[in-house]
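S.K.: I'd like to ask some things about the structure below.
The values are calculated or read from the model by the stated rules, or taken from the named source; none is laboratory data. What you are looking at is a predicted structure, and each value in this text was computed from that prediction instead of being measured. Note that we place each Cβ from the backbone using ideal geometry, even for glycine, and neighbour counts take in every protein chain shown. Surface areas here come from the heavy atoms of the whole protein model, side chains and all, with no ligands, DNA or RNA. Shrake-Rupley method; radii C 1.70, N 1.55, O 1.52, S 1.80 Å.
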Amino acid sequence: VQLVESGGGLVQAGGSLRLSCDVSGRILRIIEMGWSRQVPGKERERVAHIKSGGSADYADSVKGRFTISRDNPNRTFFLQMNSLKPEDTAVYYCNIYAPGARSYWGQGTLVTVSS
C-alpha cells in the first residue's frame, strides 16, 4: 500500500492550499483517512480525519479553516486549507487506517506559510 501526497508549497499568510493524497495498492477496506502534521522538535499533530461513514473531526487549531474530503472511487482524499497562518507551517502527512489496526503513511509534503 502506498500513499503519495501532493500540493504542498509556499504561500503567504491568509492564502490557501489544497493537499491531495493518492492511495494505491491492495487494501480491501479503509476505516479512516486523514492528515497529520509535524514541526521539527514537536510531536506529530492530528489535523483532520474522516471515517468511512463520513464523519470528520478536526483539531481545534484548524476548525473553520481546513476541510477534509474524499473521492472514494479513486481512493484519493484532500485537505483544503484556507486562511493559512504562519503557525500552520509543517510537514503534512496523509494516513489511512485499515482493519487489523494497520496504518499506512505517506512520505510527507512541506507547507510553508510566510508572514
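S.K.: Roughly how many percent of the accessible protein surface of the chain is carbon and sulfur, given a 1.4 Å probe and a whole-percent answer?
M.R.: Numbers: 3030 of 6180 Å².
Whole-percent figure for carbon plus sulfur exposure: 49.
S.K.: For the chain, what does the accessible surface come to per residue with a 1.4 Å probe? Please give it in Å².
M.R.: Details: 6180 Å² over 115 residues.
That works out to 54 Å² per residue.
S.K.: For the modelled label position 7 Å from the Cα of LYS85 along Cα-to-Cβ, which residues of region 30-72 have backbone nitrogen atoms closer than 14 Å?
M.R.: Within reach of a label on LYS85, which here means backbone N under 14 Å from a point 7 Å along Cα→Cβ, region 30-72 contributes 59-66.
S.K.: Consider just the alpha-carbon atoms of region 37-102 and return their Rg together with their Dmax, both in angstrom.
M.R.: Rg then Dmax for region 37-102, in Å: 12.8, 37.
S.K.: Still on this structure, please answer the following. Quick check for me: using +1 on Lys/Arg Cβ and -1 on Asp/Glu Cβ, what's the dipole size of region 27-115 about its Cα centre, in debye to the nearest 20? Before the final figure, lay out each step's value.
M.R.: Working: 12 positive and 8 negative charges, 39 e Å.
It works out to roughly 180 debye.
S.K.: Just to be sure I understand the model, the point goes 7 Å from the Cα along the line to the Cβ. What's the resulting ASN72 to ASP60 distance in nm?
M.R.: Inter-label distance under the simple model: 3.3 nm.
S.K.: Taking the Cα atoms of the chain, what is the range of coordinates along each of the three principal axes, in descending order and whole Å?
M.R.: 43, 26, 23
S.K.: Along the charge dipole of the chain, Cβ charges K/R +1 and D/E -1, which of LEU3, TYR93, LEU79 sits furthest on the positive end?
M.R.: Projecting each Cα onto the dipole axis, the largest value belongs to LEU3.
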